[in-house]
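The values are calculated or read from the model by the stated rules, or taken from the named source; none is laboratory data. What you are looking at is a predicted structure, and each value in this text was computed from that prediction instead of being measured. Cβ placement follows ideal geometry from the backbone for every residue including glycine, while neighbour counts extend to all protein chains displayed. Calculation scope for accessible area: heavy atoms of the full protein, side chains included, ligands and nucleic acids excluded. Shrake-Rupley method; radii C 1.70, N 1.55, O 1.52, S 1.80 Å.
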Amino acid sequence: MSVMLQTPSRASTGSTTSVQPLSRQNTMSSYEGSRSARQSKRYSMSALYMSMSANESDLIIEDELARAQKVLRDLKTKISSQSKKNFVLEKDVRYLDSRIALLIQNRMALEEQNEVASHLEDATDIQEGAFPNDDRTQKYGNLLFLLQSEPRHIAHLCRLVTMAEIDSLLQTVMFTIYGNQYESREEHLLLTMFQSVLTYQFDNTPEYSSLLRANTPVSRMMTTYTRRGPGQSFLKSVLADRINSLIELKDLDLEINPLKVYERMIEEAEAKDPESPEAMLPKGITQEEAAENPKVQEIINPRLTMLTEIANGFLETIIEGLEETPYGIRWICKQIRSLTKRKYPDANDQVICTLIGSFFFLRFINPAIVTPKSYMLIDGTPADKPRKTLTYVAKMLQNLANKPSYAKEPYMAKLQPFIHANKDKVNRFMLELCDVQDFYETLEMDNYVALSKKDLQLDITLNEIYAMHGLLEKHAGELYKDENSHLAIIMSELGPAPPQVPRKENRVINLPLFSRWETAIDDLTAALDITQEEVFFMEAKSIFVQIIRTIPANSSVARRPLRLERIADAAATSKNDAVMVRKGIRAMELLSQLQELKVVDKSDQFALLRDEVEQELQHLGSLKEVVMAETIKLEEVYKTIRDHNAYLVSQLDTYKSYLHNVRSQSEGKTRKQQKQQVLGPYKFTHQQLEKEGVIQKSNVPDNRRANIYFNFTSPLPGTFVISLHYKGRNRGLLELDLKLDDLLEMQKDNQDDLDLEYVQFNVPKVLALLNKRFARKKGW
Amino acid sequence: MRIYGFQPCREFHIVVLGTGGVGKSCLTAQFVHNEWIESYDPTIEDSYRTQVSVDGRQVMLEILDTAGTEQFVAMRDLYMKAGQGFLLVFSITSQASLDELSTLREEIIRIKDDEKIPIVMVGNKADLLDQRAVDRKEAFAISQQWNAPYYEASARTRTNVDQVFIDLCRQMLRRDDSGYNDDDDYNGGTRNGGGGGGGYGCGQKQEDGSHGSMMKKRRRKRKGDHKCIIM
Ligand SMILES: Nc1nc2c(ncn2[C@@H]2O[C@H](COP(=O)(O)OP(=O)(O)OP(=O)(O)O)[C@@H](O)[C@H]2O)c(=O)[nH]1
Ligand SMILES: [Mg+2]
């Protein structure tokens, strides 16, 4: 096995950087556990061996654990690549959302229509490709290796780019360079990058009150980070149920602003009886006056109780979710805590918690509560009243993290008891969030492993590479002043950045990553500061575990207590399996070497090694459970983002068809009338449409539903007729004439209900259905 | 039909927008409650109601103070739909905070479908002269392009606080007086009409094509107006 290694300090200390280097002392001192540095090194070393053996293709372990792990690995890869696709699609949909609005309003010039159309046309999967020559491939491979493994460059770049430049950088960094969301090395490198940016922010923000507050490229990156797979599944498991059950109560009004309550009270009274005393109450009074009105108080008081109950419920699940909170998010909280302590040694817990809260609650939890749809937690848009309730819940949670001043909205002071009751609990929770281990040791190991893998590679598009190249070039003066730095050398060899290629010509490149500056190390022990005995011990343990995992559990060799010599011997003499024989021989060699070094003792059946092997096997046994449980959770995540993907794609399709339709109509004058073939009718039963969610509410009595069906027809592109029929009757009960424009406009205005008297359709679902059924070759 | 000039009290919705920490809440609290808030609690969504007198006329204002924190972007659409006048706030100590306004303005114009929607641009924290990062001239030039008045204000010293709100009220009143139609939720109205300045002239063409005109007619219809025949 050849492991390449750079100077051992590389992973944690940058040498020629202007970024605050992460000092080893600093990170070590934050180890709270009792493990000494040496122990932890040994621990990581062992992990290294285990992970290397997992990557070795020569011995195929096919036990249940291995199979479960493979399923999980594949799932993770799929989530990572799907996330990226969604990110790109979301950008397209956002762009088109704004353009289509103009188009519907007839305010788009022809050239612009063409531009939008061209944007749409290439919104297909990008093909694979390669650089024209090996030299480019190598240089870019080297550049990207450098950027990936030395996060300080990107950290620095993040501080230099403008908000306008951030989008392309964001995509490349979050979904390509560190795009494997579940791979510890990439995750840890990304977190290291956040750390160096945070450090810089702390060092350069004059008052702590404005810390972490501005919207910067970094804050945007952190948002994107919190919304990747792990963050998404956490939000879903912690919030989705609570939010969904609130949203179902469409008419639950928990407004506590006395003025609004007062006004609504008058409105309702007027509607009922314009002569009633309530209807005659004076309008235009002040908030204080409204608050003093006994009727208003009577309405508000029970609402305060309910709001408090609801917010308590949210808080409870959030706090219970402590252990489920993604590691990276907790680790960022931890950084905020230690940076605060470092910069403001006198800072009390309140200050620290406020800052943690401005990340955890303000940027992670609360946005998902107030706009759950954009976090894929719910399907539809919440109605006004539940939306308001959710906003109150978020405000209450935020008030727990900040010291609220009721100067702004005096009526919020009524919720003070909630704050008092929970303040300490939440502060404790936030400090517990910080209670996670650092990863520097593992990261170092992971980096070694990565280097030893021959297949370190990145799927990246031409335009991503060129945009990155361009950004680095633009900020050359800041990023690589030292012309001897590795970055400067590669950049000067690469020459000027090529311009972006048209979307059609963009290609995905499978770029092998490597570094010309890393040299192979022969002596892991020196590099890692551990002894030769330990290396032998670890290797032996790893080999025995592998062997045992490949022999059938019921074979006599696997009987307990394990007899290591017997196992090694069995492996070395196994038939028809050269790899196994090699392993067995190596295991025997190691045993005798360890014996000579007096690490283990044959007379006690190598108990020291045997017990560790046994422990590792038990650990792997329970690992299987863990792997299975994680798989189940991730299946859920994958489903969510796939659904979201389907939604985005159908949205794009709808726009595409609509645009074609509009364009062919404006061309229609000059061209011959296009063939106008009537499509349909297509028949759908009530039950079908209900199942697909097209019918979101039905006033048809249950026993009649089986007799109701619908016909969908498209007489002209962009025009639809939906008719409702009752079995056995000739004539329809109702006919609705629909235009695609209307539907799109309703969707744009978040009006989800399409009223058909007997039933209520869901607009986005209708669009999806029409899209599926009536997609004409060019437009609808 | 509306009767102009006789209503005792006009009601307007103002939305205060701008990136995090520029002082939106401080400005609003100063204006409404005459209070200076030193602490910084990030806003999620606060609403205020106040009555002011503008050139002798009573105006009831509903002011929505929004979240500058970008993670709440998805709420913006709703605010913008509800707003009739917009305060675009940045801090003179941060160039980036000014840069963000142009996206906000574009979004407002798109959502309101109206280039003349009342807007006032505010450079807040004018008291922090030694930290100034945005040239007054630069900000002014931008406001000119947008056809919006520009004020430098300080919530801390209460400089120009009333002025920015009052200016916005004047703009809204002027529009209201001239019968400008901005509430298409109330009268299923002519969205492109009345000097919206948005027509690119392609609407005309469509009137000729048979289904073009149909589409255009349909387009004006609001929800619930679909041709729904019960047989
Ligand atoms: N010196 C000075 N400080 C100000 C001024 N206005 C606001 N601040 C301070 O800036 C910080 C943020 O003010 P806020 O009004 O809460 O900011 P915001 O725009 O509402 O922020 P978000 O709610 O997060 O969007 C507070 O600490 C204020 O004390 C001002 O005019 N001068
Ligand atoms: Mg605020």
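So for B:Cys26, A:Cys158, what's the accessible-area order with a 1.4 Å probe, most first?
So the residues, ranked largest to smallest area, are B:Cys26, A:Cys158.
At each listed q (0.21 Å⁻¹), what is the log10 of I(q)/I(0) that the Debye formula gives for segment A:695-747 modelled as equal alpha-carbon point scatterers?
These q points yield log10 I(q)/I(0) values of -0.86.
Per residue of A:365-372, count partner chain C-beta atoms within 10 Å of its C-beta, then hand back the mean as an integer.
4
Using a 1.4 Å probe on protein heavy atoms only, how many Å² of accessible area do A and B hide from each other, summed over both chains and rounded to 100?
So the buried area, both faces added, is about 6200 Å².
Per-residue HN-Hα couplings for segment A:148-158, Karplus 6.51 cos²θ - 1.76 cosθ + 1.60 at θ = phi - 60°, whole Hz, x for Gly and Pro?
The phi angles translate into 6, 8, 10, x, 4, 5, 5, 4, 5, 4, 4 Hz.
Would you compute the Debye intensity of segment B:11-72 from its alpha-carbon atoms alone, equal scatterers and no solvent, and pass along log10 I(q)/I(0) at q = 0.12, 0.26 Å⁻¹ to two decimals?
Reported log10 I(q)/I(0), two decimals: -0.31, -1.11.
Let me make sure I get this right: for segment A:159-211, a, b and c are the square roots of the gyration tensor eigenvalues over alpha carbons, sorted descending. Under 1.5 in a/c it's rounded, otherwise prolate if a/b > b/c, else oblate. Which is it?
oblate
Among rounded, prolate and oblate, which fits segment A:710-780 when a ≥ b ≥ c are the square roots of the eigenvalues of its C-alpha gyration tensor, a/c under 1.5 means rounded, and a/b larger than b/c means prolate?
In terms of gyration-tensor shape, oblate.
If you project the alpha carbons of segment B:96-184 onto their three principal axes, what span does each projection cover, largest first, in Å?
46, 25, 17
Only protein chains counted, 1.4 angstrom probe. Which residues of segment B:92-134 are at least 40 Å² less accessible in the assembly than when their chain is isolated?
B:Glu100, B:Arg110, B:Asp113
For segment B:1-126, just say rounded, prolate or oblate: build the C-alpha gyration tensor, square-root its eigenvalues into a ≥ b ≥ c, call rounded for a/c under 1.5, and beyond that prolate if a/b exceeds b/c, oblate if not.
Since a/c reaches 1.5 but b/c is at least a/b, the shape of segment B:1-126 is classed as oblate.
Cα extents of segment A:532-681 along the three principal axes, largest first, in whole Å?
The principal-axis extents, from largest down, are 97, 34, 31 Å.
I'd like the projected area of segment A:240-373, averaged over all directions, using the convex hull of its alpha carbons. Report it in nm² with one decimal.
Mean orientational projected area (segment A:240-373, Cα hull): 11.8 nm².
Quick one: compute a quarter of the convex hull surface over the Cα atoms of segment A:226-314 and quote it in nm².
Across all orientations, segment A:226-314 yields a mean hull projection of 7.9 nm².
Once you average over the residues of A:283-292, how many Cβ atoms of partner chains fall within 10 Å of each Cβ?
That average works out to 2.
Sort largest first and round to whole Å: the equivalent ellipsoid semi-axes of segment A:622-771, each the square root of five times a Cα gyration tensor eigenvalue.
They are 34, 25, 13 Å, listed largest first.
For segment A:370-510, what size does the Cα cloud have along each of its three principal axes, sorted from largest down, in whole Å?
In descending order, the Cα extents are 66, 42, 33 Å.
Largest first, how would A:Phe514, A:Phe537 line up by accessible area (1.4 Å probe)?
Result, largest first: A:Phe514, A:Phe537.
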